[in-house]
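Below: one structure, written as structure tokens.
The values are calculated or read from the model by the stated rules, or taken from the named source; none is laboratory data. If you're wondering where the values come from, they're calculated on a predicted model, not measured in any experiment. No Cβ is skipped: glycine too gets one built from the backbone with ideal geometry, and neighbour counts run over all protein chains shown.
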Amino acid sequence: MKQKRVTLLALVLILTMCGGNSATTEIVESLEEVETKQSQQEDTQVNREEDTKTEQMQGQQPQNINPFLDPGFADCLINEFGEERYKQLQNERPTAEEEQRIGNCMGPPPGQGQSPPGQGQSPPGQETLGSNETTLSSIHLSYLGSIRSKLNGLGNVADASIVEMDDGRLRVYFKNGNEPQANIGGFDNLIHSAVSSDGGRTWTIEEGVRVPVDSPIEALVIDNKVVAWGWEKSPNGDTLVRYESDDGFNFSKVAIPLFESRDCKDKEGNPMGNLGDPSITQLNDGSWLMHAQELVSPTGDFNRRACVATSPDNITWTSQPDRMYGGGEEDVTTNPAIKRNSSGVIEWIWPTFNFMVYRSGSDGFTWSEPEYLVSAGDPDFLDLNNGTKLLAFGNFGPRSGSALIFAKRITSNYKITVVETLKTSIPSKTWKVEGARADEIKVVNICLDIDLANTQGASVEIKEMNGLLEVTASDSNETFFNLSCVYILVGPEQVMG
């Protein structure tokens, strides 16, 4: 028992250095509860054996969960972040984008986790680590348009949530934030909005703040009102808040029963870390379902999980620990998406390091086999009244910040396969494409709005081989090890890969 306390106190110390005061308090409280229960169950002889083992373990270094304190990762992390930022991150919590960059040096955890009861098999987010190629889903995404950071006076844009208005226009809500990696600062980190009159191809930024919370939100149209959920941050734990609007532009806070992020429990009954924007949908039986990503897991790097909660009325929420997913060998990299579509099918996207993993089902409890969509984060679904199925998601580039990307789902005869390649001195990416000609393919950086074939320091090479095209893009201007925010667009439909 003392050995466990030494290890967990070391974890508490590291979390304290990273700024997680709330998580630290919760871990200490959980530790004390566990120790009390165990001490009541153990007899004197077992206690003596535990003491002996503890004495033997004294002086050994507990496992370090901060990679910036591990000399084995030093060279790679210094190369990735620069020496100054590397030293800062020994004592600071990395941003969400920095956590993804850490994966360039550590790699996401290998293997495949086990799914909790009722969730089906966990989507294998790191599938390509053990193989060379992954074919993308036949659910093809046709690129429509984007909103890029730093345009029209914006900061770093992230976490889209879309609604359709009565007049057929679209409104997207997003967080307008700061991003030190892209030298973006001075912004309010609150929820802003933009509107589109052409189905998501072009967007006009609206003036002012829509929702005064500094977390991303989920926005849904319910009973002719736009209802938005987010988190009100506090050192004592974040609290779920609800805002409503009759016009989608002016919002007012509405009182709801208390639901804190620490009310989300894991399968052992321990509170989870603070949560990202909730994804909420109504199920076919009239009840409501919420999925929310754990921003930083108290269990260690790349162990982020997702809370699952249910509600009879979208007002009162109850955590469902047995349906929690992620953690262990399967990181929930960004906010997941859960939505009932216009046909009554429940659709779920679990973003991982390499892909967005798509599943569907009828009840929000059992799921189809996984399909793989393009690499991105923070997705959001919306079925329009005209039958168009939209998907919004984000990506990040260190030279420009994030972009909100809008696509519609189509069917096509193309087949796109992502090829895993070893890291080289110049960041590159390779795809295989079937059913298209070479002149129908281009490779773009959406965050920068550039075509790599026409960019100095970048190149696109297309080879014909065995009845398909192999496309390799590289960019010596890239500051990540991997090409970031880079997609292949195929055909006049601009199918993304």
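Brief remarks follow.
- Qualifying residue in the stretch 212-228 (condition: crowded, with 16+ Cβ neighbours inside 10 Å, touching a helix residue (DSSP H, G or I) at 6+ places or on another chain (Cβ under 7 Å) and more than 26 Å from Arg101 (Cα to Cα)): no
- Some residue of the stretch 182-197 being in the same structural domain as Leu154 (by TED's automatic domain parsing), assigned to a loop (DSSP other than H, G, I, E, B) and in contact (Cβ under 8 Å) with a residue 40 or more places away in the chain: no
- Residue list for the stretch 76-94, filter: part of a loop (DSSP other than H, G, I, E, B), modelled with pLDDT of 75 or more and surrounded by fewer than 19 Cβ atoms within 10 Å (Cβ to Cβ): Gly82, Gln90
- Whichever residue in the stretch 166-186 is over 20 Å from the mean Cα position of the chain (by Cα) and buried (at least 19 other Cβ atoms within 10 Å of the Cβ) and, among such residues, is nearest to Asn385 (Cα to Cα): Leu170
- Hey, Gly273 more than 29 Å from Gly344 (Cα to Cα) and either touching a Phe, Trp or Tyr at 6+ places or on another chain (Cβ under 9 Å) or assigned to a loop (DSSP other than H, G, I, E, B) (or both) or not: yes
- Candidate set: the stretch 218-265, residues that are small (Gly, Ala, Ser) and part of a loop (DSSP other than H, G, I, E, B); chosen: the one farthest from Ile280 (Cα to Cα): Ser234
- Odd one out for Trp367, checked against (1) in contact (Cβ under 8 Å) with a residue 40 or more places away in the chain; (2) assigned to a strand (DSSP E or B); (3) under 25 Å from Trp288 (Cβ atoms): (2)
- The residue list Phe381, Phe396, Phe353 contains one member that is part of a strand (DSSP E or B) and in contact with a Ser or Thr (Cβ under 7 Å, 6 or more places away or on another chain), which is Phe396.
- Note on the stretch 171-188: residues that are touching a Lys or Arg at 6+ places or on another chain (Cβ under 7 Å) and modelled with pLDDT of 95 or more total 1.
- Sole residue being modelled with pLDDT under 95, of a type outside the set (S, T, N, Q), within 30 Å of Leu144 (Cα to Cα) and outside the structural domain of Pro94 (by TED's automatic domain parsing), chosen from Phe353, Phe302: Phe353
- Screening the stretch 427-451 for residues that are aliphatic (A, V, I, L, M) and under 26 Å from the mean Cα position of the chain (by Cα) and picking the one that is surrounded by the fewest Cβ atoms within 10 Å (Cβ to Cβ) gives Ile450.
- Across the stretch 414-439, the number of residues qualifying as at pLDDT 95 or above, of a type outside the set (A, V, I, L, M, F, W, C) and not in a strand (DSSP E or B) comes to 4.
- Val213 under 20 Å from the mean Cα position of the chain (by Cα) and either more than 20 Å from Glu244 (Cβ to Cβ) or hydrophobic (A, V, I, L, M, F, W, C) (or both): yes
- Selected residue [closer than 25 Å to Asn178 by Cα and of a type in the set (Val, Ile, Thr)] from Ile222, Ile205, Ile256: Ile205
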